[in-house]
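The values are calculated or read from the model by the stated rules, or taken from the named source; none is laboratory data. Note that this is a predicted model, so its numbers are computed, not measured. Every residue, glycine as well, gets a Cβ built from its backbone with ideal geometry; the counts of neighbours run over all protein chains shown.
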């Protein structure tokens, strides 16, 4: 089994569109949540959302290559460029070496709606446009980036709800550790448009605390009333230790293990045993005990049942001393992207010696009172961290990384 390391990271999120901005936001506990007036017009029960400005790719990407890129693909392209720059790889490197891509993405809503509306209005499918199919498929991100970057390695999309980005990194670890690839670009991307969130709003999943948007997301807090949708993209350059050494690349972190499980229980309601198995498997695969982990970046989305069950799983494995926080308290729930972005956030904490706060945590409930939730930024040397990601259908992923 080969060692697997991370040599580049990139981020495009509601708390910053580059690593420096995001690091600063994490340190001060800055929220990226606001109100979307368009959602009010559409009759959403909750117009709360993460706020993010789309990038302008016209100056950096040829029109021919842009036509198939979806909203989340734009975010992913920007994040990938930043990760490539940090890792010291470019298009010439990709032309000379076989590099793969694995991205987490589980929807692409607006292109489908746009195509439907055009067909209904014009009664002519030829007017939909050549780029529509490449924007509307779940594999839109990995598909487009593989062509834009001329990648020739493994190439597919991981669709696993809100654990998609985490599973993508876990699978990259498996491919590289077993010698099937030397380098993989991986990450997660999430569209943030209103149409993609209508069904979630319809089941009452979102917080209604619209009078104070930045205080709406309250992971582990007794008074939480639902999540706030968000999005963007995160990208990582993951490669074998030998590959990084050969290139003379700076190693940011090492991926020690990938734990996973399925609840096999309910489509939308999580349980305790599934996440606990994922946590325990990650520790076992890394040959670590709970006391070896310096920090847990919790999945905690601010839903009543989800947070309670995760708190119980964490307590059952780690007890009450390990520092815990959910960066979703600032970013909102980045869904398909979250499992990848939270690894980027954790690496930023590692290399700047702090734990980002679980903001809006004022009153614990009976389960969160048992674990060590960090409500304000603390300075701490972090060597080993674990990041949780759980999704609809009971899919669970836990990643353990070590500081490079």
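Inspect the range 176-183 for any residue being part of a helix (DSSP H, G or I) and either crowded, with 22+ Cβ neighbours inside 10 Å or in contact with a helix residue (DSSP H, G or I) (Cβ under 8 Å, 6 or more places away or on another chain) (or both) and give the result as yes or no. Yes, the conditions are met somewhere in the range 176-183.
The rows are residues; the columns are (1) in the same structural domain as residue 362 (by TED's automatic domain parsing); (2) closer than 18 Å to residue 14 by Cβ; (3) in a loop (DSSP other than H, G, I, E, B).
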position	(1), (2), (3)
196	no, yes, no
204	no, no, yes
210	no, yes, yes
214	no, yes, no
219	no, yes, yes
223	no, no, yes
233	no, yes, no
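Results for (1) in the same structural domain as residue 342 (by TED's automatic domain parsing); (2) in a helix (DSSP H, G or I); (3) surrounded by 20 or more Cβ atoms within 10 Å (Cβ to Cβ), shown as yes or no for each residue.
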position	(1), (2), (3)
9	no, no, yes
22	no, yes, yes
26	no, yes, yes
34	no, no, no
38	no, yes, no
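For the range 329-355, the set of residues classified as over 10 Å from the mean Cα position of the chain (by Cα) and either within 21 Å of residue 51 (Cβ to Cβ) or modelled with pLDDT under 95 (or both) consists of 329, 330, 331, 332, 348, listed by residue number. Filtering the range 252-270 to residues that are in contact with a helix residue (DSSP H, G or I) (Cβ under 8 Å, 6 or more places away or on another chain), assigned to a loop (DSSP other than H, G, I, E, B) and surrounded by fewer than 17 Cβ atoms within 10 Å (Cβ to Cβ) leaves 264, 265, 269.
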